[in-house]
Amino acid sequence: MEKTKIRESNIELLRIIAMFLILVVHASFRTLDPPTSTEIHYNLCSSFLRCFSESFSIISVNLFILISGWFGIKTNFIRLCSLIFQIYFIGIIMYVFLRIFGNLDALNAKDLKAFILIKDHWFIKSYIVLYIFAPILNAFINNSSQQQIKYFLIAFFTIQTVHGYSLISDSNWFSDGYSPLSFMGLYVLARYMRLYPNKFTRFNKYSDLLIFFTITMLLTFLTLLHITRTGRGWAYYAYSSPLVILSSIYFFLFFTKFSFKNKIINWIAVSSFAVYIVHCSFNFFSTFFSNYIKEWFDTKSSIVFMIYTTGWLLLVFFSSVLLDKLRICVWNMILNKLNKTRITEKSL
């Protein structure tokens, strides 16, 4: 009997970590806001940890796009339908849950339209655009020389930095990396690194990790300094920030330089995207996710806060994965039903 091939788990582990880091970044500055200059002055240790947490986890979204670009998206209608089914299936389950336990009001026409159009999920919308345009990007990569792609990348990231990074410009062309255009640039970059490795991508994995931690510390200190001088703490944390992109690249490259296989990691990774859908659904973020974290931050010691928050993030993560396993079962039942119907029609 032929054995089922097990997928390499190094990148699947990275996929899991990237999604958990999205929870961390949402639990950090998005929930608690950056520390103020007064907080830095009177409680430097706590302020440092908050900034370090943001610096460490801000790479999360970029990692997902780099993973997609590394392997290349093979756009498929069934896979696209599966993604859309996942969004609405989990969305409906979360709506029912929040109606029962979260005091969520019934959807009015405006809310229903927002749900159908996925209005509140910027990442999902941007990723769907990337997914649809992937064949065009693949064709460009496959039919261009190494030099042509390199010049494209230099031009793209130069323009994005000048006109799409709010620390330098107020332009909204790239929305600080919150856009499908930025996703496309990262996608091409990842494909280029995979197809044309060079001395900058061939460092050993420990050097990659050192570069990542060095940039993380640099982001942390720059943020603390910027808040102290200007009172603003978001400046260095755009997804289009060159430092954030470099940090994402070397954390990603670290995982490409070792290999192992693990069925449990692969099983979890398949459902990792559900974590984003769950914790950003309707008012789950404000009613449950961030409210608990704010309460613990205000009432608990730093150690207890970190323990409670870590446990809460793990609970949200694995509950979302289990919910997605139900979605996979339902989706497979639908596909089996459609396949049987198709076979029956052909036999008539």
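Numerical summary
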quantity: Pairs, first closer than 17 Å to PHE288 by Cα in segment 14-33, second surrounded by fewer than 21 Cβ atoms within 10 Å (Cβ to Cβ) and of a type in the set (D, E, K, R), C-beta under 9 Å, six or more apart; calculated: THR31/LYS294; LEU32/LYS294
quantity: Single residue of segment 167-184 satisfying the filter (open to solvent by 60 Å² or more (accessible area, probe 1.4 Å) and more than 19 Å from the chain's Cα centre (by Cα)) that is nearest to ASN142 (Cα to Cα); calculated: TRP173
quantity: Residues (among the aliphatic types (A, V, I, L, M) and open to solvent by less than 60 Å² (accessible area, probe 1.4 Å)) located in segment 90-100; calculated: ILE90, MET94, LEU98
quantity: Of all residues in segment 67-89 being of a type in the set (A, V, I, L, M) and either under 13 Å from LEU130 (Cα atoms) or open to solvent by less than 40 Å² (accessible area, probe 1.4 Å) (or both), the one that is modelled with the highest pLDDT; calculated: ILE67
quantity: Helices (runs of 4 or more DSSP H) lying entirely in segment 6-56 (those with 1 or more residues that are modelled with pLDDT of 95 or more and open to solvent by less than 50 Å² (accessible area, probe 1.4 Å)); calculated: 10-27
quantity: Subset of segment 186-213 [within 28 Å of SER169 (Cα to Cα) and without any contact (Cβ under 8 Å) to a residue 40 or more places away in the chain]; calculated: ILE211, PHE213
quantity: Where THR216 falls short, out of the listed (1) touching a residue at least 12 places away in the same chain (Cβ under 8 Å); (2) closer than 30 Å to ILE40 by Cα; (3) open to solvent by 10 Å² or more (accessible area, probe 1.4 Å); calculated: (3)
quantity: Residue satisfying condition, being surrounded by fewer than 15 Cβ atoms within 10 Å (Cβ to Cβ), in contact (Cβ under 8 Å) with a residue 40 or more places away in the chain and over 30 Å from ILE17 (Cβ atoms), within set ASN103, ASN108; calculated: ASN103
quantity: Test: residue in segment 113-128 that is aliphatic (A, V, I, L, M) and either in contact with a Phe, Trp or Tyr (Cβ under 6 Å, 6 or more places away or on another chain) or more than 22 Å from SER179 (Cβ to Cβ) (or both); calculated: no
quantity: Any hit, segment 170-184, residues being modelled with pLDDT of 95 or more and acidic (Asp, Glu); calculated: no
quantity: Among (1) open to solvent by less than 20 Å² (accessible area, probe 1.4 Å); (2) over 30 Å from ARG327 (Cβ atoms); (3) of a type in the set (Gly, Ala, Ser) - the single one SER272 does not satisfy; calculated: (2)
quantity: Of all residues making up segment 78-94, the number that are basic (Lys, Arg) and either closer than 23 Å to PHE317 by Cβ or outside any helix (DSSP H, G or I) (or both); calculated: 0
quantity: Test for LYS294: is it more than 21 Å from the chain's Cα centre (by Cα) and either under 22 Å from LEU49 (Cα atoms) or not in a loop (DSSP other than H, G, I, E, B) (or both); calculated: yes
quantity: Residue count, segment 234-292 (criterion: in contact (Cβ under 8 Å) with a residue 60 or more places away in the chain, more than 24 Å from PRO180 (Cβ to Cβ) and of a type outside the set (A, V, I, L, M, F, W, C)); calculated: 9
quantity: Test: residue in segment 308-318 that is aromatic (Phe, Trp, Tyr), open to solvent by less than 70 Å² (accessible area, probe 1.4 Å) and within 19 Å of MET19 (Cα to Cα); calculated: yes
quantity: Number of the exception - ILE227 against (1) over 29 Å from LEU314 (Cβ atoms); (2) open to solvent by less than 40 Å² (accessible area, probe 1.4 Å); (3) modelled with pLDDT of 95 or more; calculated: (3)
quantity: Filtered residues of segment 132-149 (kept if open to solvent by 20 Å² or more (accessible area, probe 1.4 Å) and in contact (Cβ under 8 Å) with a residue 24 or more places away in the chain); calculated: ILE132, PHE133, PRO135, LEU137, ASN138, PHE140, GLN146
quantity: When residues of segment 111-127 are limited to those that are hydrophobic (A, V, I, L, M, F, W, C), part of a helix (DSSP H, G or I) and open to solvent by less than 30 Å² (accessible area, probe 1.4 Å), the one modelled with the lowest pLDDT; calculated: ALA114
quantity: Among the candidates TYR187, TYR192, residue that is buried (at least 18 other Cβ atoms within 10 Å of the Cβ), over 30 Å from LEU44 (Cα atoms) and over 19 Å from the mean Cα position of the chain (by Cα); calculated: TYR192
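The values are calculated or read from the model by the stated rules, or taken from the named source; none is laboratory data. As the structure is a prediction and not an experimental result, all values here were calculated from the model. Cβ atoms come from the backbone with ideal geometry, glycine included; neighbour counts cover every protein chain shown. When the accessible area is computed, the model is the full protein with side chains, heavy atoms only, and any ligands, DNA or RNA have been set aside. Shrake-Rupley method; radii C 1.70, N 1.55, O 1.52, S 1.80 Å.
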